[in-house]
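These notes are about the structure you will find just below.
The values are calculated or read from the model by the stated rules, or taken from the named source; none is laboratory data. The model shown is predicted, which means the values in this text are computed figures rather than measured ones. Positions of Cβ are backbone-derived with ideal geometry, glycine not excepted, and every protein chain shown enters the neighbour counts. The protein model used for the area step is the full one, side chains on, heavy atoms only, and it has no ligands, DNA or RNA in it. Shrake-Rupley method; radii C 1.70, N 1.55, O 1.52, S 1.80 Å.
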Amino acid sequence: MALEAVGGAALGAVFGTLLDGVIAVSSKTIMFKTHLRDLKFTMDSFQQVDEDVRQHPNILFRPIPGLERFRIQMKKGVELVDKCSKVRPWKLNAFKKPIYTSKLVALNASLNTLLSVLTVHIISDTRARVIDMATTLNQIDANIVAQYQNQNQGWCAIPEPPPFTVGLDVHVEELKMELLKDEASMLVVTGLGGCGKTTLAQKICKDQKVKEKFKGNLFFVIVSKKSNCLVLQELCRKTGSLVPSFQEEAIAFNWLQEFLNTTGQDPLLLVLDDVTPGSDSLLDKLDEFKRPNHNILVTSRVQFPRFGPAYLLGTLEPGDAMTLFRHSASRSDRSSYIPDNLAEQIVQHCKGFPLAITTIGRSVCEQPTEIWEKRVAELSKGSSILDSEDYLLACLQGSLDALDEQMHERMPIIKECFIDLALFPEHRSIPAVALIDMWAELYGLDKDSWSIVNIHELTNRNLANLVTRNGKTEIDGYYSEHFVTQHDMLRNLAIHQIGQDEIGKEKRLIIDICSDNLPKWWTEQKNKPKKTRSLSISTDGLSSEKWHDMHLPKAEVLVLNFQTENYGLPKFVKKMSKLKVLIVTNYGVLQADLSNFKLLGSLANLKRIRLERISIPSIRKNSMQLKSLQKISLFMCSIGQTFSNSSIQILEAFPNLVELNIDYCDDLVELPVKICDLIRLKKLSITNCHKLSSLPEEIGKLEGLEVLRLRSCTDLVKLPGSIKDLTKLHLLDIYKCFSIKELPEDIGEMSGLEKINIGQCSRLQELPVSVLNLGKLREVICDDYTENLWGEPFKSNLTKTKISVVKEDFNLNWLHNL
């Protein structure tokens with residue numbers, strides 16, 4: 001069968017066993033009838049794929065890497081179906097039935113994912129081309145998509161360690177020996193911030209022997225300051241299960257015990273990174289529930305003596321420290337001049353902290369000797385600091401001050417951009433597009449690329465890291481897959497900089513609320529005006545909405561970070577008369593309901609709104625007008641109900657909207673006609689909305705539209721014929737829209753079109769002749785298959801058009817992280 005062809009005999013065999021079990025149990029039991037029927041329907045769908053394989057006997061289908069996770073899930077599914085067959089209604093308690101039901105639903109979702117992967121893989125090989133199989137996962141349920149996207153690590157469950165490390169190999173081997181033993185263990189790696197604990201844990205997870213032993217049961221969760229409920233929700237998401245709502249710790253711990261029991265004797269490795277003393281109760285439960293072959297690896301700045309001796313990770317030895325410094329202070333070709341005596345002094349002052357060594361090394365790279373001497377003098381002044389972490393901050397401060405030393409006009413802004421990163425929570429990936437919104441209004445960076453340049457500058461100096469989902473840098477202004485990460489010590493440095501502002505004239509105000517413990521100054525001076533330009537409020541999963549009043553007459557940026565399932569905008573927002581940018585991010589696993597949205601109607605200067613993981617039905621219930629609003633960005637939001645309401649007047653609500661971005665909103669099936677009333681719209685980006693099947697025919701009314709981006713809308717069947725009226729459109733992006741079979745006949749009337757991306761449009765058969773009329777077309781982005789469509793007569797007539805073929809990496813190993 002097809003599964004054997006691409007996944008091996010073991011995968012095909014376990015599928016057959018599962019199918020036999022489902023058929024047998026469905027005919028005998030009245031329990032779980034609906035869920036077993038759905039499961040049988042999904043498995044029957046594989047027969048069509050088998051038929052496709054049989055129709056092409058001469059094709060050798062390539063194996064798909066990364067399917068081991070599915071084999072393990074199906075193996076557990078066989079056991080689950082067997083248990084369901086033995087359940088008797090009169091013996092089933094109220095607690096057990098939801099467990100069985102949720103597991104059947106999760107199993108069905110996993111099979112649907114595999115079916116999507118398999119279907120497009122067969123289509124791909126039939127056409128003798130390579131398609132990016134990651135796209136196929138975009139058709140799964142919105143909840144699964146939300147689980148897949150993890151803001152902690154920029155779309156990767158186990159983050160990659162730095163490409164160049166020193167001094168950790170011995171530690172990796174020592175810890176690996178303990179983890180590979182066939183017995184339960186909890187290892188606590190402790191050390192100061194910035195000494196390499198997280199990097200060490202990452203390297204252990206990437207070790208081949210570790211991956212071979214733990215296979216699909218290897219999980220990496222950042223704990224930091226999260227509640228136990230949120231940590232376990234994240235772990236649940238990483239297992240591929242549907243994520244429940246843990247209202248109480250007791251319920252969360254019940255799930256943890258059930259999860260550990262279901263893994264049975266299978267080896268399991270759970271890495272808990274950056275554990276704080278407040279999470280010791282979680283460690284207690286893990287120790288209580290542990291089973292043979294279950295291993296817990298903890299990294300922390302503190303020791304937990306009751307779980308055994310800690311593994312102390314010290315700083316680098318002098319030789320390793322010098323090697324790391326030379327690497328950091330050199331150009332990529334390693335040809336930079338490094339004065340040995342000054343290098344030795346800098347390394348000595350860094351006291352073996354890898355973070356300080358790399359950051360300072362980047363700051364002096366290609367700098368004159370005078371700068372090196374100045375840096376040594378600055379480090380010497382800080383050598384009297386007794387506390388090591390304070391000393392580390394002092395070392396890092398020099399790299400930040402180096403931005404002031406360079407006379408380039410951009411450097412002061414880059415320093416401000418670095419400090420702005422602290423407005424977002426610790427250990428969270430920051431969407432680059434959120435920074436673009438902020439910096440456009442705060443510093444006048446009108447072009448998105450200018451903000452990206454600043455992020456690159458921070459990355460080059462090791463003050464931040466720019467990562468992308470696909471590892472590629474976009475060249476046409478699409479930055480939704482770009483994220484910024486930062487070491488927590490660098491964030492502490494930014495917070496330290498904020499504290500240096502003159503009292504009463506702080507540019508930024510950061511408020512972290514645990515439970516309902518508000519800062520003392522807020523409760524005592526609630527009516528005193530604050531002169532801050534940027535306000536960030538972060539709440540945990542236990543916080544309510546007991547907001548005190550606040551007067552912020554000069555605030556231009558408001559960043560709200562929360563983790564609860566219900567969240568209301570603070571009432572003082574309506575008095576923030578100068579507010580220009582609002583960023584609301586739900587860092588919880590489940591989508592949240594947002595209320596008090598009508599408060600924004602009083603903000604005459606609000607230009608940009610970004611909402612993430614928000615359900616926003618309230619917009620359709622309240623009439624409001626945001627005349628200054630120019631840009632709306634919705635990421636992983638539930639918006640179907642909002643747009644489906646026929647009474648909403650989009651043009652009246654947002655009369656001057658210039659840019660609308662909708663990304664990963666999987667309840668969007670049809671784009672409402674009233675979007676076409678936004679006559680000032682210049683950029684419409686609808687990406688990764690995998691249930692979007694059609695665009696309104698009236699889209700041609702958007703005469704001012706310059707960019708239309710529809711990438712990865714996998715169910716989109718066609719483009720409306722009226723698209724020909726978009727004569728100002730210069731970029732059309734339908735990348736990975738592999739349901740589109742043809743382009744509109746009159747597409748040649750789009751006289752302003754300069755660039756089109758049709759990569760991975762696998763069902764596109766031919767181009768309309770009118771394409772020859774695209775006189776301004778300068779670049780076509782395609783793949784090996786769609787490149788063939790641009791042969792004669794197009795090649796000889798469109799002589800000024802560049803055909804760029806993008807090679808796709810075919811690899812599904814990251815499916816393990818679902």
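Quick notes
- The solvent-accessible area of residue 547, taken with every protein chain present and a 1.4 Å probe, is close to 50 Å².
- A straight Cα-to-Cα reach below 19 Å connects residue 351 with the aspartates and glutamates 317, 320, 340, 373, 378, 387, 389, 390, 488, residues fewer than 8 places away in its own chain not being considered.
- Annotation: residue 548 carries an accessible surface of approximately 60 Å², with a 1.4 Å probe and no ligand, DNA or RNA atoms counted.
- Computed over protein heavy atoms with a 1.4 Å probe, the accessible surface of the range 249-299 works out to 36 Å² per residue.
- The range 513-616 gives an Rg/Rh value of 0.94, both radii derived from C-alpha positions and Rh following Kirkwood.
- Whole-percent carbon and sulfur share, accessible surface of the range 563-711, 1.4 Å: 46
- Divided by 2.2 N^0.38 Å, where N counts the residues, the Cα radius of gyration of the range 644-788 comes to 1.00.
- Across the range 174-223, counting alpha-carbon atoms alone, Rg and Dmax equal 11.5, 32 Å.
- Rg to Rh, two decimals, where the range 290-350 supplies the alpha carbon set and Rh follows Kirkwood: 1.24
- Of the three principal axes defined by the Cα atoms of the range 742-799, the extents in descending order read 26, 22, 18 Å.
- If the Kirkwood radius is taken over C-alpha pairs of the range 187-269, then at 37 °C and 0.692 mPa s the Stokes-Einstein diffusion coefficient equals 228 µm²/s.
- Restricting the range 570-618 to trypsin sites (Lys or Arg not before Pro) that sit in a DSSP loop and have at most 15 other Cβ atoms within 10 Å of their own Cβ leaves 578.
- Computed over the range 554-597, the range of Cα coordinates on each principal axis works out to 33, 16, 10 Å, biggest value leading.
- Note that the range 563-714 presents 35 Å² accessible area per residue, ligands and nucleic acids not counted, probe 1.4 Å.
- Set of lysines with alpha-carbon distance to residue 86 below 23 Å, sequence-local pairs under 8 removed: 28, 33, 40, 75, 76, 96, 97, 103
- Where N is the number of residues in the range 245-304, Cα Rg divided by 2.2 N^0.38 Å: 1.16
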